[in-house]
Structures are given as structure tokens and as C-alpha cells.
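Below is one structure, written out as C-alpha cells, with a few remarks after it.
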Amino acid sequence: MKIAANKEYAIRKRTFRSALIEMLERKYKLIGSHKVIELIADDICQLRDEFYPRASEEAYGSLTWVTTSSDNKKPKLGQRVEDYKNTRISLPLIDEEDLRMMENLPSTERDKAKIVRLINSAYEQGAF
């Protein structure tokens, strides 16, 4: 029973976060405090989750996109793109309406309807 518990403990410890902490400590000899390294690893994991969502979170036919947030103020001259706040949105690239339109409308009309749907969806989710 004790061996099985040790195996489960070891499996739970083998995560992206723990591998990242080990790499930062061993390979980069980054800042001596283990707590600081854990905080850096947490921030990196948060960025990973923001920019690379799991496929199971997305619906079929959806496209995940990271774009400029509508929360940003009006851009100033010389402001870098990196200074803008980003947001992750899920765009309905293919939906039931598209499948119905394939039978009835020419491709140009379908494309126009899809563009309008994507723009409206992005705006509703806070994209700029």
C-alpha cells in the first residue's frame, strides 16, 4: 500500500510547473530563493494557459485567438503593441448556419455572413 501511495505522489509531482521550477533552478541558477522561482513558474504557467488553451475547452469549429482588448485606451504615437492589454477570444469559425448556407447561397454571400458573425463575436467578447 505504501509503494502505491509513493507512486501516486510521484505522478502528481510530475507536472509542467514542477519541471519548469527544476529547470530554472538547475539550468539557469536563477535567483536563490525557491519561493521566488515558484512565483515565476506560476506566472509562466498562467501565460501558457492564457495563450495556449486546452483543446477540450473549445467547441468544435471554434478558433482561439489572442487579440487586443477593448479595455485599452486610445493608442498614443509611438506606443508599442506589447504595451496593449490582450484578451483571448473564441471565434465560431464554422457553425450550423454555415452548413445550411452552403446549400442555398453562393460563396461570396457565405463569406460576408461569416465575416460579420466573426466580427460581432469578437466585439461581444471584448476584442478591439
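The values are calculated or read from the model by the stated rules, or taken from the named source; none is laboratory data. The shown structure was predicted, so the numbers you read here are calculated from the model rather than taken from an experiment. Counting neighbours? That spans all protein chains shown, and the Cβs are built from the backbone with ideal geometry, glycine included.
In region 1-115, which helices (runs of 4 or more DSSP H) lie fully inside it and hold 3 or more residues that are modelled with pLDDT of 80 or more, closer than 22 Å to Gly126 by Cβ and outside the structural domain of Phe128 (by TED's automatic domain parsing)?
It comes to 34-51.
Among the listed residues Gly126, Gly61, identify the single one that is out of contact with any Pro (no Cβ under 8 Å at 6 or more places or on another chain), over 30 Å from Ala19 (Cβ atoms) and not hydroxyl-bearing (Ser, Thr, Tyr).
Of the residues listed, the single one that is out of contact with any Pro (no Cβ under 8 Å at 6 or more places or on another chain), over 30 Å from Ala19 (Cβ atoms) and not hydroxyl-bearing (Ser, Thr, Tyr) is Gly126.
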Are there any pairs with C-beta distances below 8 angstrom linking a residue in region 91-111 that is under 18 Å from Ser62 (Cβ atoms) and in contact (Cβ under 8 Å) with a residue 60 or more places away in the chain to a residue that is exposed (fewer than 14 other Cβ atoms within 10 Å of the Cβ) and hydrophobic (A, V, I, L, M, F, W, C), with the two at least 6 apart or on different chains, and if so which? none
Filter region 57-93 for residues that are hydrophobic (A, V, I, L, M, F, W, C) and within 16 Å of the chain's Cα centre (by Cα); the one that is surrounded by the most Cβ atoms within 10 Å (Cβ to Cβ) is Ile89
